[in-house]
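Laboratory data are not the source of any read-out in this text; all were calculated from the coordinates shown. Because the structure is a prediction, the values reported are computed rather than measured. Quick reminder, even Gly has a Cβ in these numbers, built from the backbone with ideal geometry, and neighbours come from all protein chains shown.
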Amino acid sequence: MSDPLRIAVVGVGHLGQHHARLLAAMDGVRLMGIVDTKPGRAAEIASKLGVPSFSHLHELPIEGLDAATIAVPTVSHPDVALPLIDAGVSVLVEKPLASSLGDADRMIEAAARRGVVLAAGHTERFNPAVVAALPLVSNPRFIEVHRLGTFPERSLDIDVIFDLMIHDLDLLLTSVKSEVVSIEAIGVNVLTPKTDIANVRLRFASGCIANVTASRISRDKIRKVRFFQRASYLSIDFAEQEAEIYRLVAQNGRPQIEGGKLDVQRDEPLRVELADFVAAVRDRREPGVSGRAGRDALALATRVAQAMDASAA
């Protein structure tokens, strides 16, 4: 048995608290501490898990620490990640990787220089329905995505493109595997000064077109994607962790439709993501979603935001 991986959680708000919960229960992991600058927050979560709490990053004993997960406001990602990386600590940084491509590059370069793992927290990639369905995506021609949620009262420091849509932009990049050659985008500020609902049409060099809608002001929660490709149709329901495929096949010289639901082994996507990060650090391999992949999603999200600004001008 190898020694437990020693890990800390920085930021235990809406999402970070679940990082702490899952890591504390994970085999082969020792949760070394929780950091949060909100008065009393770190102590509140740490007391439930029986681990030390700290009010500031500089209070966290870094010597001997193997890894950390970071779930603080996006603008603070480099301020938290870089000192840890420079100390030789591998990090998983929640999406979006950074608030600018320059900051993302600084983290990627620092991780390469120190030889540590940098993972981007694109949890949807670890959704069991996505894992089951993605190998069946083959040269899609049209993709329809809807990610609609109720008003969150969190992550309001970024607009809906970087908060919600970036999940789907990352998924498109890994499934289509083709350069985005044109973008049409429109967004509306409804409840906040930033874009709350957006629709984007992406054209890829392969000829594939993706229509993506993201909203954080919907009455209903919908998280679905549909892939249309030659002689087959594939759909994923992220929330229900369900996927299905239908194919056109020839039987006795006549076309028939076959298919149905895929076998999906349900799990908590965040738990799977954290387990992958732990394994990547332990095995010194690239994580399921690398810092570079996180940067690619951020770059596309930035292009979408720029196209939206241009359409509003």
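Between E144 and A25, what length comes free when the chain is fully extended (0.36 nm per residue of separation minus the Cα-Cα distance, one decimal in nm)?
Using 0.36 nm per residue and subtracting the Cα-Cα distance, I get 39.1 nm.
Springs between alpha-carbon pairs under 10 angstrom, Gaussian network model over the chain: which of P78, P287, P61 fluctuates most?
P61
Which value, in debye to the nearest 20, describes the size of the charge dipole of the chain about its Cα centre when Lys and Arg Cβ atoms bear +1, Asp and Glu Cβ atoms bear -1, and nothing else is charged?
Using Cβ point charges on Lys, Arg, Asp and Glu, the chain gives about 660 debye.
Using the structure shown, select from K95/K261; K48/K95; K221/K261; K38/K95; K48/K261 the pairs with a Cα to Cα distance greater than 28 angstrom.
K95/K261; K48/K261
With a ≥ b ≥ c the root eigenvalues of the C-alpha gyration tensor of the range 153-293, is it rounded (a/c under 1.5), prolate (a/b larger than b/c) or oblate?
In terms of gyration-tensor shape, oblate.
Have a look at V190, A112, A25 and report the one farthest towards the positive end of the charge dipole of the chain, computed about the Cα centre with Cβ charges (Lys/Arg +1, Asp/Glu -1).
Of V190, A112, A25, it is V190.
Between L136 and R284, how high is the FRET efficiency from 1/(1 + (r/R0)^6) when r is the Cβ-Cβ distance and R₀ = 30 Å? Nearest 0.05.
0.45
Express as a percent, rounded to the nearest 5, the fraction of DSSP beta bridges in the range 76-202 (both residues included) that run antiparallel.
So the antiparallel bridges in the range 76-202 amount to around 60 percent.
Contact order normalised by length for the range 60-157, with contacts defined as Cα pairs under 8 Å and 6 or more residues apart; what percent is it?
24 percent
Defining a contact as two alpha carbons under 8 Å apart and six or more residues distant in sequence, what relative contact order in percent does the range 1-89 show?
It comes to 32 percent, rounded to a whole number.
Note down the relative contact order for the range 189-313 as a percent, whole number, built from C-alpha pairs under 8 angstrom at least six residues apart.
The value is 11 percent.
Name the residues whose placed amide hydrogens come within less than 5 Å of the amide hydrogen of R223, ignoring near sequence neighbours (fewer than 5 apart) on the same chain.
Close amide H contacts, sequence-distant or interchain: L148, F238, A239.
Provide the percentage of antiparallel DSSP beta bridges, counting only those with both residues in the chain; round to the nearest 5.
If I count the DSSP bridges inside the chain, around 60 percent turn out antiparallel.
In the range 1-92, which GluC sites (Glu not before Pro) fall in coil by DSSP and have 14 or fewer other Cβ atoms within 10 Å?
E63
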